[in-house]
1. Checking Ile320 against (1) more than 38 Å from the chain's Cα centre (by Cα); (2) assigned to a helix (DSSP H, G or I), which test does it fail?
2. Within the range 478-498, restricting attention to residues that are touching a residue at least 12 places away in the same chain (Cβ under 8 Å) and farther than 18 Å from Lys267 by Cα, which residue is surrounded by the most Cβ atoms within 10 Å (Cβ to Cβ)?
3. Taking the range 354-382, which residues are among the charged types (D, E, K, R) and loosely packed, with under 15 Cβ neighbours inside 10 Å?
4. When the range 510-527 is examined, which residues are found to be closer than 16 Å to Asn364 by Cα and either in contact with a strand residue (DSSP E or B) (Cβ under 9 Å, 6 or more places away or on another chain) or of a type outside the set (Gly, Ala, Ser) (or both)?
5. Report whether or not Trp378 is in contact with a strand residue (DSSP E or B) (Cβ under 6 Å, 6 or more places away or on another chain) and in the same structural domain as Gly576 (by TED's automatic domain parsing).
6. Given the range 56-154, what helices (runs of 4 or more DSSP H) lie entirely inside it while holding 2 or more residues that are in contact with a Cys (Cβ under 6 Å, 6 or more places away or on another chain)?
7. Out of everything in the range 486-509 that is out of contact with any strand residue (DSSP E or B) (no Cβ under 8 Å at 6 or more places or on another chain) and hydrophobic (A, V, I, L, M, F, W, C), what residue ends up being nearest to Trp575 (Cα to Cα)?
8. Among the residues of the range 601-612, is there at least one that is in contact (Cβ under 8 Å) with a residue 12 or more places away in the chain, farther than 23 Å from Glu265 by Cβ, outside any helix (DSSP H, G or I) and in contact with a strand residue (DSSP E or B) (Cβ under 9 Å, 6 or more places away or on another chain)?
Amino acid sequence: MSDASLSTRRFPIRIFLMLGALVLIGQAMYIQLIDDTYAKRGTSAGIDKITKYPSRGLIYDRNEKLLVNNVPMYDLMVAYNKLDPEMDTMKFCKLIGISKESFKKNIEKDWSNKRFSKVVPFVFKSKIAADTFARFQESLYEFPGFFPQIRNIRSYPYPNAPHVLGYIRETNEREVKDKTLNYRLGDYIGGSGLEKTYEEQLRGKKGVQFVWKDRFGRELGSYKDSEKDTLPVSGKDLISTIDIDLQAYGEYLMQNKTGSIVAIEPKTGEILSMISMPTYDPNLLIINSNRGKVYQELLKNPNLPFFDRTVMAEYPPGSIFKTIVALAALQEGLIQPNTGISCDKGYYYNNRLYGCHEHAYPSNVSKAIQHSCNSYFWQIFRRLIDKVDFYNPQQGLKEFNNYVHQFGLGQELDIDFPGEEGGNVPGPRYYDKLYGGTGGWKSPTIMSYGIGQGELQMTSVQMANLAAILANRGTYHTPHLVKGFRNDTAQIDAKYRKTNRVFVDQEYFELVADGMEKVVTSGTARSAFIWDIPIAGKTGTAQNPHGEDHSVFFGFAPKDDPQIAIAVFVENAGWGGSYAAPIASLMIEKYLSPNDTIRAGRKWVENQMINIDLVTNP
């Protein structure tokens, strides 16, 4: 091969090698002079996984007034292995507002404990207010190994409804160990109320960010162009059924009193107000450095502000229970609408007088309810229990209790709220045990049950639901506290949209409603009368072996187009007509009046209820 031919073949090879060299040189120049990715990796101490917390869902009232808001708060995280031993500890402590002793306590951990690691960031100080952190952040670069983690805590525009709304708290070890829940120690979780029931919807979903960090803990950039990062998903906003103006007004009326108010929209089962007194301002339990102290003070308060009397307290309902006795006796054909029973200040049986107050002759069911005649209801209750045979009261009680259970008594209603008790409906087994076995009791033995006393117990929610059933003439929706989700098509649980029915003929409900209307116009609840709002109601005086009897009232309005059903229970307040009835009427007037106002002619009733102090001056 000639030299010319060889030279011709070598030339393209040389060109190719030269181009390759130029590419490599250019890439090296780009890496060293322009792209700092590899420099970052060379000086990095590793990759940090940063949790991005979502915004917790907000809570609104039925008219979309904001009840629960979010405000930012910071946790200061630290990676122990990235600390600078020469950092200015005094300056750090001054900026963050802690002592040097607190610094040492917060930074030194039991490294033998699996909860802590020198290479995994942990919380150095939590619950740092935004203004404090803003001052600290300007000098954050001076303290390698420390970095912020923003969190959202709750705030409350209204100082009302703490039991309904609930509060958030830090997770415990049991919740962290349950991997299906995806919580870490220090995460916030609903601790009570709606915050607890709707935790899954409110909490949202965490996001995550992976970042390169140098050995001083400073961020060098995202890892793999953020391809593994995920964004947090905010929780759903709840629209509650609560009318916050009605709720606040009820708390105002019940100040210096112990008891509860529950109001329901009968057609839907939506709870309009759910008031437990004494109460507290929900802002007292926002997450900050004072929370633990305030919580303990509330916990030790002898008036038990944490005890939710709407669902936890179980009371004898008193005479409001007579409505169920009347309906069961009518449905069983044991009395007729015009059945009258004499009452001479009581019921005589076996040479004993069971007393009743003086009133007109109860010539029919409606009048018996109007005058709340004990004699009448004792006798028709005995007919129910003795339906099979005087010597077989067990069967009669079983059949009567079938009616009672249809009205939602004796078991939890299963409302969307934690802590609900089921009350007590005494059955044959209960009385057999109480009175020494079968044959130890007969219908006269348990007559107190027939007028809502003795062993029978109900919660305030059950009382209000009973009022809603009477308002609807035999149907109800399970009471609930959430209407839906804001800007979301998700529906509430189907069980709250289902119509439940009591198997009593509607005509009998009309008789009871007529009697309840007469209770307010000319019976034991005249203190609840409003001239332009037809109210059907019933008073009760619940016996209290430990002191003054309890004042009870339940009802609905307007009578023939019910928009609100309500139960009021005032502990140690005496007759049902003294406090419970007027308070209920003011709540009804507030809700149904065009401008949510109490008319001038009834301001004296309002002032009287507000100014009565039954806590310090019973």
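1. With (1) more than 38 Å from the chain's Cα centre (by Cα); (2) assigned to a helix (DSSP H, G or I) applied to Ile320, the lone miss is (1).
2. Here is the first cut: in the range 478-498, the ones touching a residue at least 12 places away in the same chain (Cβ under 8 Å) are 478-488, 490, 492-493, 495-498.
From what's left, farther than 18 Å from Lys267 by Cα: 485-488, 490.
Numbers: Phe485: 19, Arg486: 14, Asn487: 7, Asp488: 13, Ala490: 8.
Once the filter is applied, the top-ranked residue is Phe485.
3. Taking the range 354-382 first, the residues among the charged types (D, E, K, R) are 358, 367, 382.
Glu358, the sole residue that qualifies.
4. If we filter the range 510-527 for residues that are closer than 16 Å to Asn364 by Cα, which is where we start, we get 510-519, 522-523.
Listed by number, the residues that qualify are Glu510, Leu511, Val512, Ala513, Asp514, Gly515, Met516, Glu517, Lys518, Val519, Gly523.
5. Values: in contact with a strand residue (DSSP E or B) (Cβ under 6 Å, 6 or more places away or on another chain): yes; in the same structural domain as Gly576 (by TED's automatic domain parsing): yes.
It is true that Trp378 is in contact with a strand residue (DSSP E or B) (Cβ under 6 Å, 6 or more places away or on another chain) and in the same structural domain as Gly576 (by TED's automatic domain parsing).
6. Numbers: elements: 89-96, 100-107, 130-137.
Per the criteria, 100-107.
7. Phe509
8. no
The values are calculated or read from the model by the stated rules, or taken from the named source; none is laboratory data. Predicted model only: the values in this text are computed from it and were never measured. Reconstructed Cβ throughout: ideal geometry from the backbone, glycine too, with neighbour counts over all protein chains shown.
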